[in-house]
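The values are calculated or read from the model by the stated rules, or taken from the named source; none is laboratory data. Since the model is a prediction, treat every value here as computed from it, not as a measurement. We place every Cβ from the backbone using ideal geometry, glycine too, and count neighbours over all the protein chains shown.
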Amino acid sequence: MKKTSTVAKRPPGYVSAQPKFLVSVAADHRLRICLVYFVAMLLSIGLTNAQPTMPKNFLLGRYDPARDTSFCKVDHIYTERAVYLKKKVYTAYKRMYAAALKDGIKLNIISGTRTFNDQCYKWGSKWTADQFAHLTDKAARSEQLLRWWSMPGTSRHHWGSEMDLVNLKLAFFKTAEGKRVYNWLVTNAPNFGFQQPFNAGRTTGYQEEKWHWSYVPLAKIYLAEYVKQISYRDINGFSGCEAAQKLDVINNRVLAVNGACR
Ligand SMILES: [Zn+2]
């Protein structure tokens, strides 16, 4: 018996619907699409695993400015203490210092960057102070302290963009010399990027601080990142931290600043 082929015979003059070169073009196209998907997948994995541009620990002051290359130690011409500032802030401050000196105003830095631990020490010493001992309710005691002192993890001093200048007492700024210094700063500091975050006239937040000046080109970025990244779960590790949420310190303290600083 004659064996019949299972392959259908092509009629004479048959031309393939997909010439060979078209088949190879299609394969090439599919390969390209696969490659594009592969690269996109790698990128998305990379982006998912990428660290945020500003670490939470920086915003919370949980780092060491002495080991951070974006900081520098302030020269003793400008301060009698061990002060660290962001390099950009220091550059701007030196220009402001020189301009003030020309006008007969001698500025000096009393405090610059403060870490979480620095703030813990300060907050802790006030927490146990006799003057607040009668406040047994933690929220009530925190509220009293918050008139002047920031909870650790919520201070602008954590960011390297802040400094306290000349004198830490409002009484000084009522003297002729204090008025001269303050008026000079109000008029000139904005020209160098500095603003007073805790100014008069705010309805919430810390008391007025005529000595505290903030380098806003950086501080505005840090404040925006703080609001984006930090929640009450991140504010912990000190006496009274339980009250942070109840007193809404992020809205009522961190964000309660001069509009020029937001
Ligand atoms: Zn300050």
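The requirement of being within 15 Å of the ligand (Cβ to nearest atom) and out of contact with any Ser or Thr (no Cβ under 6 Å at 6 or more places or on another chain) is fulfilled nowhere in the stretch 228-242; no residue meets it. Mind listing whichever residues of the stretch 192-225 are away from the ligand (no atom under 16 Å from the Cβ) and in contact with a helix residue (DSSP H, G or I) (Cβ under 8 Å, 6 or more places away or on another chain)? If the condition is that a residue be away from the ligand (no atom under 16 Å from the Cβ) and in contact with a helix residue (DSSP H, G or I) (Cβ under 8 Å, 6 or more places away or on another chain), then Phe192, Gly193, Thr204, Pro217, Lys220, Glu225 are the ones that fit.
Scanning the stretch 58-83 for residues that are of a type in the set (D, E, K, R) and either crowded, with 18+ Cβ neighbours inside 10 Å or in a helix (DSSP H, G or I) (or both) yields a total of 1. Looking at the stretch 237-255, which of its residues are assigned to a helix (DSSP H, G or I), surrounded by 16 or more Cβ atoms within 10 Å (Cβ to Cβ) and of a type outside the set (Gly, Ala, Ser)? Within the stretch 237-255, Val249, Ile250, Arg253, Val254 qualify.
Of all residues in the stretch 26-65, those satisfying the criterion of being modelled with pLDDT of 65 or more, out of contact with any Ser or Thr (no Cβ under 6 Å at 6 or more places or on another chain) and closer than 23 Å to Asp234 by Cβ are Thr53, Met54, Pro55, Lys56, Asn57, Phe58, Leu59, Leu60, Arg62, Tyr63, Asp64.
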